[in-house]
Each structure stands twice: as structure tokens, then as C-alpha cells.
Amino acid sequence: NSTKRYPVYYLLHGAWGNERTWATRGNITAIYQEMLAAGTGEMIIAMPDGGNTVWENGCSFIIFSCGDKESYFFEFAGHIDGNYRTTGKRAVGGLSFGARGAMRLGLLNPSFFDFVGSHSGYYVFLLQEMTEENWSAVGKSNLTIYFDNSKNDILTEYSQSSADLDKNLTARGI
């Protein structure tokens, strides 16, 4: 159907991943088929390559690559909107470093996204970066936020950072 428009779900990979990781290791094709069977509407799933970054500008960790990955993400999103029939509804999700990136992009740009989903993210630096103005913008937005961590995660500080994010959201009624 050449007139139909679609929402976009941006999936961000974790460290040492690339734009193919969700397809080769994340089984996204089967998951998408299950979503369709369950009644989720059709969507464009876009998987940019962020290199070994946490999806932000600059350098966060010495062992990972530096660059303007936040700017790259928004250029990529502009390309998707400019070349495909999108509705303007956007979701962003990720795993590990991609989870941190997705949450950061979502919380710092709540009017750009409708949904942010994050699995096993590390949010300590994001919580330090958030200002009351940022929290207020999230609270006034229609952004739906989902995040999880395994209680069996060997990186216990990841689970603690999820608990801290939850406390911050809850304290603000978000």
C-alpha cells in the first residue's frame, strides 16, 4: 500500500554490536512476527550502527570509540523520516549500552519519542546529567518509559542504577 504510513522503532545495539546485531543475535525477525500475531501494528524497525559507543557525543569510556553518535542518531532518524512513509510516531529501545543510549535519547528528547524501552542499561551518568528542567519536560510529555534489569545480572551496579532511575521517576510522579 503506497499511501500507508508507519511508526518507527529504533533499536540500538550494545557494546561491540552493529546494525545487524538485533537480526543476527537478537532474533528480531521472529520477535516482530510474534508482535504482529499478537496484534501490534506494522512498523518500520530501524537499526543504526553506533559503533562501540553509548550513543552520545564525545567519549564516555576510554575503551570505547568516541564521536558524535547522538548527532548521528538524529541524522539517521531524519533520513528515515525523509525517505520512508513514517507517521511521526517514534520509539527507541536498546540493550546494555544501547539501553543507556535509548534511555538518554528518550529522557533528553521526550517530545521526539513516544516510547523508550531499555534492557540492562546503566543510568548513573544519565541521572547525573538530568536537570530539573529535563525531568519537567519528561513529566509534561506523553513519553511511555519501560526498563528492566535482571536481578541475576553479574553487573550489580546496572541493577542499582535501574533502581535509582525508578526512584527518580517515581519521586517526580512519572
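The values are calculated or read from the model by the stated rules, or taken from the named source; none is laboratory data. Given the structure is predicted, the values throughout are model-derived calculations rather than measurements. Note: ideal-geometry Cβ built from the backbone for every residue, glycine included; neighbour counts use all protein chains shown.
Of the residues making up region 126-142, those that are among the charged types (D, E, K, R) and within 17 Å of LYS167 (Cβ to Cβ) are GLU129, GLU132.
Applying the condition of being among the acidic types (Asp, Glu) and at pLDDT 90 or above to region 132-174 and asking which residue is nearest to GLY93 (Cα to Cα) yields ASP148. Within region 4-52, the set of residues being in contact (Cβ under 8 Å) with a residue 60 or more places away in the chain, hydrophobic (A, V, I, L, M, F, W, C) and in contact with a strand residue (DSSP E or B) (Cβ under 7 Å, 6 or more places away or on another chain) comprises VAL8, LEU11, LEU12.
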